[in-house]
Each structure stands twice: as C-alpha cells, then as structure tokens.
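Peer 1: Just passing along the structure, written as structure tokens.
All of the numbers you see were taken from the coordinates with simple rules; none came from a lab. From a predicted model like this one, the values you see are computed outputs, not experimental measurements. Cβ placement follows ideal geometry from the backbone for every residue including glycine, while neighbour counts extend to all protein chains displayed.
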Amino acid sequence: MYRSHFGLREMPFGITPDTSFAYACNTHQEALNTLLVAVKNGEGFIKITGEVGTGKTLLCRRFLATLDQNHVSAYILNPYLEPRTLLFALAEELGVALSRGTDQHQLMKELTRALLNFARQGKTVVLCLDEAQAMPVESLEALRLFTNLETEKRKLLQVVLFGQPELDRKLEHASIRQLRQRITFQYRLTALTREEVDHYVTHRLRVAGYRGNRLFTRPAARLVHRFSGGVPRLINIISHKAMLLAYGEGAQQLLPIHVRKAAMDTPIVHQPRPWWWLGFAMLLLSVGGIGWMVLA
C-alpha cells in the first residue's frame, strides 16, 4: 500500500497485538510492574482490566515474554469454557499427557502431580487468561478451588485475569466472593494522554522503519487523540486510514484533514460534539438566566 511512499519496512498501525511495536506508556509500564511484583510475591490471583482496545492482550504477551526460567507459563486465549474443559486446557498448556477417557479425578491428580513436579524444580506456574470477562462463574470458582494447592512456602499456581470492566461485575457474584478476596494485586488500564498519543504514533512509525521528518503534523496528532479518545486500537485504525488518504493524494505529510476524513470513515470513534454546540448551550443558559431575573 503506502509503505514505499513513506519509506516504511512494514505497516505501522496494524491492530494485531505485536510486542515489537509495544510502546511503554505510563499505564502499561505500571501494569507490567504490578504483574511482575505480584508474581514475585507469589500471589494467587492478579487482575488486569481495561476497556476494549486499551492493549490488554499486548500487555499479556509482554508479561509472558518477561518471565524468566523460574516460571512456567500457560496462556488461554478464550476461557469461555466449562470447568472440566478449562482444566483440560490448562493440562494441555502444561504438557500433561492425558488419555481420551480421563475422568475428573484422574485429571485433577495428573494436574496436581505436574504442579508439584514444577515446584520441586523451583519453578512457579503462571496461568494467564485473556478475555476473562467471558468465563462462566462456575469455571472461575473451579479455578479458585484448584489454586488451593500449595506447599508450605507458596502457591503452586498463580492466575492472572485479563478482562474488560465487565469482569469486575462478574466478580461481584456472591458465589465467587472468596475468589474476589484473593485478588490482592490489580490494575486498571486507561487511555493514552494527548502527549502520549503523539509519542505513540511516532514510536510505531520509527519501529516500522520511518526515518524522515515529522510525518503527522502536531495538529493532526492532536486530532488523532481527540477522535480516538486515546484508545490504542482506535489510534491505529484512524492513523492507518489517514495514511491511506495521504498516500492517495500523493501527500508527504499527514494533515488534520486526513485525520478528520479517517475519523468520519470510522463509526466507532469517539467523535466529539462540534464546538458550535457548546456556544449554543451557553446561549440557552444565558437566555434562561435572563428569564429567571425578569420573573423574579
């Protein structure tokens, strides 16, 4: 598409989580630090929440890549599984060999044996569950019961829940209140600030191979923040479309008009109210105030 036009090696604004493009903004770095501290302390449950598109999956991958040889990681992308299937998925991630006819008792026995073997090797098993808000309540409770396994020193299994804010509401369910009490570390991802959006866009362009002068003008970058609300996925979508528009015009720099057109073509962006609405609202308030004074 526009790679050669702008001198890029690869597309800079893909929406697939790619750790090579990871931008260490404040909120993501703080969340990563929280995860690392929690795992080091041997906590049972850790929770990371954030709105759609704030980079939870990317954070999860960064976290898994940071774990050292003293940890064994398991990652379940879609935990919308009933309790027994969830445990089978965990066994598969840990390389536990199970026969087709394995019953619940044998499943628990083999999983426990695997966790104890890792513990004897001085290794901690960390299970990351993405999209955890989709987990059935029964599966969350089964997971809690399974994490009761521990030595005299530490838990045999640590669980990190990555989910949308709906996860918080699910955890309010009375039947899993004990799980909620076990979440000792948590963090809420937030959107990027206007300054961070500017740095984020520049960072991804540099990683993609751009070596020219500033590509997005400052007004254009401010509009990217304004229309995206600072949500990384929306930043990527708008920036990609804006670059397509600039390429179509043969432009060498991204201007506000390109960002506006890109936002207009993206229904899900947080389009702010036009400024004339603010003026109109102030006028109504003024007229209302005069009316009250006359009536008084």
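Peer 1: Arrange SER175, SER228 by Cβ neighbour counts within 10 Å, fewest through most, would you?
Peer 2: Working: SER175 10, SER228 27.
Exposure proxy ranking, most exposed first: SER175, SER228.
Peer 1: With the contact rule set at Cα under 8 Å and sequence spacing of 6 or more, what percent relative contact order holds for the range 26-188?
Peer 2: 38 percent
Peer 1: Calculate the dipole size of the range 26-188 relative to its Cα centre from +1 charges on Lys and Arg beta carbons and -1 charges on Asp and Glu beta carbons; express the result in debye to the nearest 20. Before the final figure, lay out each step's value.
Peer 2: On the way: 21 positive and 18 negative charges, 84 e Å.
Dipole of the range 26-188, to the nearest 20 debye: 400 debye.
Peer 1: Looking at the P(r) of the range 26-188, how many percent of alpha-carbon pairs lie beyond 27 Å? Numbers along the way, then the final one.
Peer 2: On the way: 2452 of 13203 pairs.
So the portion of pairs separated by more than 27 Å is 19 percent.
Peer 1: Measure out, as a whole number of angstrom, how far apart the alpha-carbon centroids of the range 194-215 and the range 1-57 sit.
Peer 2: 16 Å
Peer 1: Here's a follow-up. With axes computed from alpha carbons, what is the tilt in degrees of helix 26-40 against the longest principal axis of the chain, rounded to the nearest 10 within 0 to 90?
Peer 2: The answer is roughly 10 degrees.
Peer 1: Still on this model: Plugging the Kirkwood radius over Cα pairs into Stokes-Einstein for the range 93-193, at a temperature of 37 °C and a viscosity of 0.692 mPa s, what D comes out in µm²/s?
Peer 2: On the way: Rh = 15.3 Å.
It comes out at roughly 214 µm²/s.
Peer 1: I'd like the orientation of helix 104-120 relative to the chain: the angle between its Cα long axis and the longest Cα principal axis, in ° from 0 to 90, rounded to 10.
Peer 2: 80 degrees
Peer 1: Okay, next question. Which semi-axes, in whole Å and largest first, does the equivalent ellipsoid of the range 1-40 have when worked out from the alpha carbon gyration tensor as the square roots of 5 times its eigenvalues? Mind dumping the intermediate values first?
Peer 2: Working: eigenvalues 205, 16, 10 Å².
Sorted largest first and rounded, they come to 32, 9, 7 Å.
Peer 1: Determine by what factor the alpha-carbon radius of gyration of the chain differs from 2.2 N^0.38 Å, reporting the quotient.
Peer 2: With N residues counted in the chain, Rg over 2.2 N^0.38 Å equals 1.28.
Peer 1: In what order do PHE45, PHE118 fall by count of nearby beta-carbon atoms within 10 Å, going from fewest to most?
Peer 2: Details: PHE45 24, PHE118 17.
In increasing order of surrounding Cβ atoms, one gets PHE118, PHE45.
Peer 1: State the three equivalent ellipsoid semi-axes of the range 45-105, derived from the C-alpha gyration tensor as the square roots of 5 times its eigenvalues, in descending order and whole Å.
Peer 2: Values: eigenvalues 138, 54, 15 Å².
Working from the Cα gyration tensor, I get semi-axes of 26, 16, 9 Å.
Peer 1: To one decimal place, what Kirkwood hydrodynamic radius in Å is obtained for the range 1-80 from all pairs of distinct Cα atoms? List each step's numbers first, then the result.
Peer 2: Details: mean 1/r = 0.0677 Å⁻¹.
After inverting the mean inverse Cα-Cα distance, the result is 14.8 Å.
Peer 1: Now for a different question. Among the GluC sites (Glu not before Pro) in the range 155-197, which ones are in a DSSP loop with at most 11 other Cβ atoms within 10 Å of the Cβ? Mind listing them? All intermediate terms of the calculation are to be shown ahead of the outcome.
Peer 2: Values: sites: GLU166, GLU172, GLU195, GLU196; in loops: GLU172.
Listed in order of number, the matching sites are GLU172.
Peer 1: For the residues VAL160, VAL125, what sequence is obtained by ranking on other C-beta atoms within 10 Å, fewest first? Show your work: numbers first, answer last.
Peer 2: Details: VAL160 24, VAL125 21.
Going from least to most buried by this count: VAL125, VAL160.
Peer 1: Filter the trypsin sites (Lys or Arg not before Pro) in the range 178-259 to those in DSSP coil with at most 10 other Cβ atoms within 10 Å of their Cβ, and list the result.
Peer 2: Counting only loop positions with at most 10 other Cβ atoms within 10 Å, the trypsin sites (Lys or Arg not before Pro) in the range 178-259 are ARG211.
Peer 1: Turning to a different aspect of this structure: Compute the acute angle (0 to 90°) between the alpha-carbon long axis of helix 137-146 and the principal axis of greatest extent of the alpha-carbon atoms of the chain; round to the nearest 10°.
Peer 2: In the chain, helix 137-146 runs at an angle near 50 degrees to the longest axis.
Peer 1: If you take the charge dipole of the chain about its Cα centre, with +1 on Lys and Arg Cβ and -1 on Asp and Glu Cβ, which of SER99, MET11, LEU215 is farthest toward its positive end?
Peer 2: Value computed over the given set: LEU215.
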